[in-house]
Number of protein chains: 4
Amino acid sequence: MYTFYDKVMPYDTDYQGIAHYSSYYRFVTNALSSFSEKKLSKVMAKYRNLWFVIVESHAAYKRPLYLGDKIKIVIEPEVKEKEIITNFKIFRGKELTTTGYLAQKVIDRNAWHSVEIPEEIKNIIVGR
Amino acid sequence: MYTFYDKVMPYDTDYQGIAHYSSYYRFVTNALSSFSEKKLSKVMAKYRNLWFVIVESHAAYKRPLYLGDKIKIVIEPEVKEKEIITNFKIFRGKELTTTGYLAQKVIDRNAWHSVEIPEEIKNIIVGR
Amino acid sequence: MYTFYDKVMPYDTDYQGIAHYSSYYRFVTNALSSFSEKKLSKVMAKYRNLWFVIVESHAAYKRPLYLGDKIKIVIEPEVKEKEIITNFKIFRGKELTTTGYLAQKVIDRNAWHSVEIPEEIKNIIVGR
Amino acid sequence: MYTFYDKVMPYDTDYQGIAHYSSYYRFVTNALSSFSEKKLSKVMAKYRNLWFVIVESHAAYKRPLYLGDKIKIVIEPEVKEKEIITNFKIFRGKELTTTGYLAQKVIDRNAWHSVEIPEEIKNIIVGR
């Protein structure tokens, strides 16, 4: 479990006065990117030929988010054979506003095909 | 079933040289917006207090899209009680690259709560 | 002079109910990309090592644009030594809403330094 | 003068492997929004009918920014009669990568026309 704090910016909103549905993926990308930087950047230096590629995205919007809302994104990554599933929840205060997940595969960026996720990367992701 | 043609633009791509996963929702928004303009704009003039709000989004990325790719987005909307589900498929030529759906509710924009979808709107959406 | 037609989409708008100021660069990118595809794609196939890189952007917003507005982007590219200046005007009907320009350099994408713009590219850009 | 720290995210980059030219306006919006929240949110509560609207944007890109770059955005707002000019510089470490400015007017959001900038807002903006 990893927690990231963010804010709804003007460019996240649309004419309905709420965050546009695709902006939520920006919030999740920010959380995932922060997680990767903190936990994975060291080990990934050994695997320069590997890239994480998103193969599935899902979000369920329960409550709208508004300009300036301070939000908390809680991500919980799990490893399933060739996929990393990052479950997420977005809170405004204690209110759960959004749930969803991203699925990623690891690819060899030169051959552009998916590979086994190295054991040490798996271990870091699931927090072992 | 409704078909919309689009193109992968520079701002859709990222450092991996492929379309960023959230850009696909831009393509689907474009298709859905074109559908609404053609089929619904007349009837919606009667319902100025109603807004379609997206309550769920999902995409499965099977093949990457690249800068300049000419794509075909095929949407198939269906009505389920209080939700409109818009299933989509994105093709590059004959190759199916992406599948997914958007779910929308209809809300009263002043009260900001969901309402029954008016029968005549339902009928247009499912093409009756 | 080259003309491109576009539409203000939901994701272009913000909480103020108008197109966000950075969305206008999306419209101009669309126009410039269409121009390049029509006029330059053939000749650029000879120069695979060259990339156009934007080195300056400017926009003056005179009238706001709203969701669904049908707009006309008129671009007028000119060549100045090592830079291509693409002046643009955005119209809604006959109303001039926005003016501005993009400046581009041509770079060798491997060495990542700017190069002379090949004469035949210059000629196409200025419409000779 | 106000300083804000940010990071180049995946969705800021494009197929050229650098930050897309319009992403820089995202960085500047973030800096300006942080400045407004810290310095202006209290006084703006008195002026709920007023909105800042961007009427001009400009950026000169001297050095490219890459995925993960830690950047420092330094903004220097000045007041010119009916306009607020926010000059900005973006640094990566000590390297100046980008310069530019945003111009804003203050409008009555109901009448949607520009108004005199209240004296106390001017004073805060120029740091008096």
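Observations on the structure shown:
- Axis between C and A by rotation; chain C residue with nearest Cβ and distance in whole Å recorded as C:Asp14, 3.
- 0 to 90° range, to nearest 10: angle between helix A:23-35 axis and chain A longest Cα axis: 40
- Counting every other Cβ atom within 10 Å of each residue's Cβ, B:Glu81, A:Glu76, B:Glu95 order from fewest to most as B:Glu81, B:Glu95, A:Glu76.
- For the range D:1-43, diffusion coefficient by Stokes-Einstein and Kirkwood Rh (Cα), 4 °C, 1.567 mPa s, µm²/s: 112
- In order along the range C:69-83, the Karplus-derived 3J(HN,Hα) couplings, from 6.51 cos²θ - 1.76 cosθ + 1.60 at θ = phi - 60°, round to 4, 8, 10, 10, 9, 9, 10, 9, x, 9, 10, 10, 6, 8, 10 Hz, and Gly and Pro are given as x.
- Nm distances between copies for B:Lys46, ranked from closest, using label points 7 Å along Cα→Cβ: 5.0, 6.1, 6.7
- Normalised contact order of chain B, rounded percent, pairs of Cα under 8 Å and 6 or more residues apart: 29
- Backbone phi angles across the range D:86-99, fed through the Karplus curve with coefficients 6.51, -1.76 and 1.60 (θ = phi - 60°), yield HN-Hα couplings of 10, 6, 9, 9, 10, 10, 10, x, 9, 7, 6, 9, 8, 10 Hz in residue order; Gly and Pro are listed as x.
- In nm, spacing of pseudo-spin labels at C:Leu50 and B:Arg48 (7 Å Cα→C-beta vector): 5.4
- Nm distances between copies for A:Arg128, ranked from closest, using label points 7 Å along Cα→Cβ: 5.5, 6.5, 6.7
- Cut-off under 5 Å, modelled amide H: who pairs with D:Ile71 long-range: D:Asp6, D:Lys7, D:Val8
- The Cα atoms of the range C:50-93 give a gyration tensor whose axes a ≥ b ≥ c have a/c of 1.5 or more with a/b greater than b/c, which makes the shape prolate.
- 5 angstrom amide H check on A:Val55, placed H, neighbours 5+ away: A:Ala103, A:Gln104, A:Lys105
- Convex hull volume per residue, computed on the Cα atoms of the protein assembly as shown, equals 172 Å³.
- For chain A, the calculated P(r) over all alpha carbon pairs, in 5 Å bins from 0 to the bin holding the longest distance, is 2, 10, 20, 22, 17, 12, 9, 6, 2, 0 percent.
- Largest GNM mean-square fluctuation among C:Ile85, C:Ile75, C:Ile18, using chain C with Cα springs under 10 Å: C:Ile18.
- The range C:14-67 pair-distance distribution - Cα-Cα, 5 Å bins, rounded %: 4, 15, 21, 19, 14, 12, 7, 6, 2, 0
- Straight-distance candidates among the lysines for linking to C:Lys46, with alpha-carbon spacing under 26 Å and chain neighbours fewer than 8 residues away dropped: B:Lys7, B:Lys70, C:Lys38, C:Lys80, C:Lys82, C:Lys105, C:Lys122.
- Stokes-Einstein diffusion coefficient of the range D:64-128, Kirkwood radius over Cα pairs, 20 °C, 1.002 mPa s, in µm²/s: 156
- Each copy carries a label point for C:Asn110 at 7 Å from Cα toward Cβ; from one copy, the others' points are 1.7, 6.5, 6.7 nm away, ordered from shortest.
- Between C:Lys80 and B:Val74, the FRET efficiency estimated from the beta carbon spacing at R0 = 60 angstrom works out to 0.85.
- Using θ = phi - 60° and Karplus 6.51 cos²θ - 1.76 cosθ + 1.60, couplings along the range C:107-118 (whole Hz; Gly, Pro as x): 10, 7, 6, 7, 7, 6, 9, 6, 10, 4, 7, x
- Using the Cβ-Cβ distance between C:Val126 and A:Tyr5 with R0 set to 41 Å, the FRET efficiency from 1/(1 + (r/R0)^6) comes to roughly 0.20.
- For the pair the range B:51-128 and the range A:66-128, the centres of their Cα atoms are 25 angstrom apart.
Each reported figure results from applying straightforward, stated rules to the coordinates on display, with no laboratory input. These numbers were taken from a predicted model, which means no experiment stands behind them. Neighbour counts are summed over all protein chains in view; Cβ atoms, including those assigned to glycine, are modelled from backbone coordinates with ideal geometry.
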